[in-house]
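The values are calculated or read from the model by the stated rules, or taken from the named source; none is laboratory data. Being a predicted model, the structure only gives us computed values, none of them experimental. Note that each Cβ is placed from the backbone with ideal geometry, even for glycine, and that neighbours are counted across all protein chains shown.
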Amino acid sequence: MIVIPFTKAQGAGNDFLIIESGPDVRLPSADVRRRMCDRHYGVGADGILFLSRSTEHREADADLRIFNSDGGEVEISGNGTRCAAAYLVNSGQFGSELVIRTGAGCKRLQVVSRRENRFEFEMAMGAPVFSPEKIPFRPPDAVPEPVIGYILPIGSRSRKVTVTSMGNPHCSILVDDFEWDWETLGEQIERHPYFPNRTNVEFYRAVSRDGIEVRFWERGVGFTLSSGTGSCAAAVAAILNKLVESPTTVRTLSDTLGVHWDGGEVILKGPAEIVCRGEYFSSVTSDE
C-alpha cells in the first residue's frame, strides 16, 4: 500500500487536494487522481494541486501542476492557485507576497487579509487572450478579434457567445436567469468541435453596473460552485459587452469574488481556506 499525504483547501467553494512533491511523494497516476477526487469513494475534490517548492525557475517561489477531477492536467486555476498560495503562506516559510509558476505562466499573489487558516488574496492573472488561434477557438469561418457575439451552433439551436482565454479557454454566455437546464448546455459546449482543447463555460447575468452573477460548467469537472478564471472571463465578457464596469463583483453560488480589468492585466481578489490534512491509501501510483 502507498500512502499519499494531502492537504485539502477550498477557494470560494472550489475545493482541491494539495500534494507536495518530495523524495517519497510522486505524482499519482490519472486513475489514482480520479479516485482521490471521487466524492463517494475517495476524499472528494474538484481537482488536485501538485506543488513543488524546489523550483529551477528563479522568478518563482514554487511550481504548480493542476489536475481536474477527471484526472487530466490543465493550464491554470485561479481558485486553485490561491489555495496553493494559502498552503505555502500557512507553512510559515513565505511572506505576504509570492510567485507561483503555473502552466499559464508565473502568477503573483498578495495576501490582503488573514484570519487563522482563512486567507484573502489579490492575484495578478495576466491579460485576457482574444486571438481565436491562441484561445484556441477554431470555427470554420474567420472571426474577428475579440470574439464577441459569435453565434455558436449547438445541434439544431444556436447561442450568442463571447470567447476568451485566461490561460485556459472560456466560453461566456449572457442569460436572463438560471431557472433552466444550463448544465446540459454547458456539457455540450465543453466538447464543442470548435474548441480543440475543450472549454470552460460560464453563464452570467448583470445584476448592477458593477456586478454579475455567474454559474460555471468547468472543463474536466462539470458543475462547480465557483471558478476563478471563469469569474475573470465572465467579468471581461460583461465589460466587453458594455453591461458592467470595472471593478466588477462576481457573485457565485458559494462566495463573492472581485475582478478588476481596465484593458490590461486582470486582477482577481478572493478567499482561500485550508480545510484539513490527511493520508490517502492507494495500491497503485506512478509519476508522470
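Given the criteria assigned to a loop (DSSP other than H, G, I, E, B), of a type in the set (Lys, Arg) and without any contact (Cβ under 8 Å) to a residue 60 or more places away in the chain, does Arg159 qualify? Considered against the rule, which asks whether it is assigned to a loop (DSSP other than H, G, I, E, B), of a type in the set (Lys, Arg) and without any contact (Cβ under 8 Å) to a residue 60 or more places away in the chain, Arg159 comes out as no. Cβ-Cβ contacts under 6 Å between residues 6 or more apart (or on different chains), taken from a first residue in segment 111-128 that is on the phi < 0 side of the Ramachandran plot to a second residue that is of a type in the set (Ser, Thr, Tyr), are listed as Val111/Ser96; Glu120/Ser113; Pro128/Thr164. Summed over segment 196-221, the residues that are without any contact (Cβ under 8 Å) to a residue 60 or more places away in the chain, assigned to a loop (DSSP other than H, G, I, E, B) and more than 21 Å from Gly155 (Cβ to Cβ) give a count of 2.
The set of residues from segment 120-142 being out of contact with any Gly (no Cβ under 9 Å at 6 or more places or on another chain) and in a strand (DSSP E or B) comprises just one member, Ala124. Screening Ser54 on (1) crowded, with 16+ Cβ neighbours inside 10 Å; (2) hydroxyl-bearing (Ser, Thr, Tyr); (3) modelled with pLDDT under 95 shows it passes everything except condition (1).
From the list Pro153, Pro193, the lone residue that is over 21 Å from the mean Cα position of the chain (by Cα), more than 15 Å from Thr224 (Cα to Cα) and either in a strand (DSSP E or B) or of a type in the set (Ser, Thr, Tyr) (or both) is Pro153.
Residue-wise test of (1) modelled with pLDDT of 95 or more; (2) touching a strand residue (DSSP E or B) at 6+ places or on another chain (Cβ under 6 Å); (3) over 16 Å from Pro169 (Cβ atoms); (4) surrounded by 24 or more Cβ atoms within 10 Å (Cβ to Cβ).
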position	(1), (2), (3), (4)
Ser208	yes, no, yes, no
Ile212	yes, yes, yes, yes
Gly220	yes, yes, no, no
Gly230	yes, yes, no, yes
Ala238	yes, yes, yes, yes
Ser246	yes, yes, yes, no
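The condition of being within 22 Å of Asp61 (Cα to Cα) and modelled with pLDDT of 95 or more holds for only one of Arg115, Arg108, that being Arg108. Residues in segment 62-86 that are of a type outside the set (Val, Ile, Thr) and either more than 17 Å from the chain's Cα centre (by Cα) or assigned to a strand (DSSP E or B) (or both): Ala62, Asp63, Leu64, Arg65, Phe67, Asn68, Glu73. Where strands (runs of 3 or more DSSP E) fall entirely within segment 227-288, those with at least 1 residues that are in the same structural domain as Gly71 (by TED's automatic domain parsing) are at 266-282. May I ask you to verify whether Thr249 is polar (S, T, N, Q), within 21 Å of the chain's Cα centre (by Cα) and under 20 Å from Gly126 (Cα atoms)? Taking the combined requirement at face value, the residue satisfies it.
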